[in-house]
Amino acid sequence: MSIERTRNFSIIAHIDHGKTTLSDRLLEATKTITQREQQDQLLDSMDLERERGITIKSHPVCMEYIAKDGVSYQLNLLDTPGHVDFSYEVSRSLAACEGALLLIDAAQGVEAQTVANIHLANEQNLKVIPVINKIDLPSADVPAVLKQLEDILQIPAEEAIQASAKEGIGIEEILEAVVEHVPAPSTEDFEDESLRASVFDSVFDTYRGVVSYVRMVTGTMKRGDGIKMMSTGKNYEIKECGVFTPKQTKRETLNAGDVGYLIANVKSSNDVKIGDTITETIRPAKDPLPGFKEIQPMVFSGIYPVTTDDFEQLKLAMGKLQINDAAFTFQAESSAALGFGFRCGFLGLLHMEIVQERLRREFDMDVISTYPGVVYKVTKTDGEMVEVDNPSFLPEQQIIETIEEPMVRAFVMTPNDYIGELMKLIADKRGELVNTETLDGTRVLLTALLPLNEILVDFNDKLKSMTRGYGSMDYEHAEYRAANLVKMDMMISGEPVDAFSVIVHRDKAEARGRHLAKKLKEVIPQQLFVVAIQAVIGGKIIARESISAMRKNVTAKCYGGDISRKRKLLEKQKEGKKRMKAVGKVNIPQDAFIKVLKTDS
């Protein structure tokens, strides 16, 4: 099909505003799927996505649509995730499009993620078509949403299409708007017709190797062509190319403007870089396409196999996962307590949870993860600056000049009634309120600067429970800022256990130390001698719990008689305990690590 009759667009929205349902309806309306293939959440191929009702990976699909004027168009749709952790998936998908459908829930209105997605779309200069979804709900308030559209997003209300993906209302209007308003792909910016294709995603297929998802910009590709990856300079031969309908469907050629896939003789997941440009080996393009920016992990955690023998298997599993998920990084590390494992980088906590869940399900791996942390910038007294993502690598306190922690700019949208509680929550998390903006009669947008370390674990949960589920949050990386941070070690019977070490703010160290000590007291089994659990900062003990010794009743055999007999037996037992304490070691069982690291917040 000619490039003038091709439209590439994606659907962007806050989490749970109906993107996947709308994509299901579009596939039905264009007869891309038959009645037999029809099922809910068709583009969410992972069991995890279906169970949680969230989209994790973006899914491309090619549809053929005959418009009202009788002309047939090829519509390439890219369904995108809505959760803040997966905004990199959204930006990659948007770079492969010319337009975007902005979906807004008629009952919920504009949310924090909606605002963030609009920024992403504007950065890519996309044509945005607003769609107000779920108008069939009893709680839908369309006039209020139209007002928000104009006030918050500066989009004219008359451009909005009112629809209900569930009931199938407004689907025809959406398709017509895509054909009419989304511009066709253009090749005008390039002098020659050399092949240029942008890789926006890739997956690993056990039988066929690496499958690259590409957006064709100029030129054509067909089976047997020689191609070159511009970032690595390696050459390959195309074995198969095609489009998604939503299954992989072979095509003879892929032309400029198409969105599809290609399978070449690429064996290793590391050879395909997301955002890379593919060109021909015979007539290579001079310059690569403007790529995507490198994704920087924000959260780090150690992931270890429960049994040490599984280390190689875990390494293999992570390599395969990494090709499906460019933002996930890992490198080998070892811990005295947990053995050999990996230091992994994630975009956020949901991302970390999903990766662990995928390791368990898809690769049958049993893993333990350490407490999540962030990257700190440490300036030593000699002026050298080091980046630390693991408490074990933090230099000694006496040679540290300053420790800087990453800050995020958080945008919190909330109903007016909960402002006081949220301001207190922000203050508790060492944050500062930068701006308060009234959006309409009922809602407020709070902008705050917060340390990333503080919002990692429970900030979003607390936000949701405080605002009865009506609050929403989005954040972006802001800057690094110096803070009074210290390393806290946990000592068990005088021995430090590196798996429980954390970098924490001095004001919060004591509370955190008490909490960890109490937790460890519950999970470490009793020994034959007293075991001391201590939280220590630079040699100073700030919290302590003791596990009492298991005792045999040595005086049980004494019936009556002189007290000195009993005392003699107890003294003898005391000597034995002393000797045992000097040579005894506390073996912490594996499940104690799992319990503490899993439930700790």
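The values are calculated or read from the model by the stated rules, or taken from the named source; none is laboratory data. Remember, predicted model here, so these are calculated numbers, not experimental data. Virtual Cβ from ideal backbone geometry, glycine too; neighbours counted across all protein chains shown. The area values use the complete protein model at the heavy-atom level, side chains included, leaving out ligands, DNA and RNA. Shrake-Rupley method; radii C 1.70, N 1.55, O 1.52, S 1.80 Å.
Structure notes:
- Single residue of A482, A448, A478 found to be exposed (fewer than 14 other Cβ atoms within 10 Å of the Cβ) and farther than 27 Å from G341 by Cβ: A482
- Condition broken by I274, with the remaining ones in (1) closer than 23 Å to T206 by Cβ; (2) at pLDDT below 80; (3) assigned to a strand (DSSP E or B) satisfied: (3)
- Lone unmet requirement of (1) surrounded by 17 or more Cβ atoms within 10 Å (Cβ to Cβ); (2) at pLDDT below 80 for T6: (2)
- In region 186-197, the residues that are open to solvent by 10 Å² or more (accessible area, probe 1.4 Å) and not hydroxyl-bearing (S, T, Y): E188, D189, F190, E191, D192, E193, R196
- Of all residues in region 395-408 being in contact (Cβ under 8 Å) with a residue 60 or more places away in the chain and farther than 15 Å from G539 by Cβ, the one that is surrounded by the fewest Cβ atoms within 10 Å (Cβ to Cβ): T402
- The single condition from (1) within 30 Å of V367 (Cα to Cα); (2) modelled with pLDDT of 70 or more; (3) part of a loop (DSSP other than H, G, I, E, B); (4) open to solvent by 80 Å² or more (accessible area, probe 1.4 Å) that Q527 fails is (4).
- Condition met for F346 (of a type outside the set (K, R) and in contact with a Ser or Thr (Cβ under 8 Å, 6 or more places away or on another chain)): yes
- Count of region 234-248 residues which are assigned to a strand (DSSP E or B) and in contact (Cβ under 8 Å) with a residue 40 or more places away in the chain: 3
- Every pair of residues 6+ apart whose Cβ atoms lie under 8 Å, when the first sits in region 330-356 and is open to solvent by less than 20 Å² (accessible area, probe 1.4 Å) while the second is among the basic types (K, R): F342/K315
- Taken together, I171, I152, I129 contain a single residue that is of a type in the set (V, I, T), open to solvent by 20 Å² or more (accessible area, probe 1.4 Å) and farther than 14 Å from H17 by Cβ, which is I152.
- The set of residues from region 99-115 being on the phi < 0 side of the Ramachandran plot, touching a residue at least 60 places away in the same chain (Cβ under 8 Å) and open to solvent by less than 20 Å² (accessible area, probe 1.4 Å) comprises G99, A100, L101, L102, L103, I104, D105, V110, E111, A112, Q113, T114.
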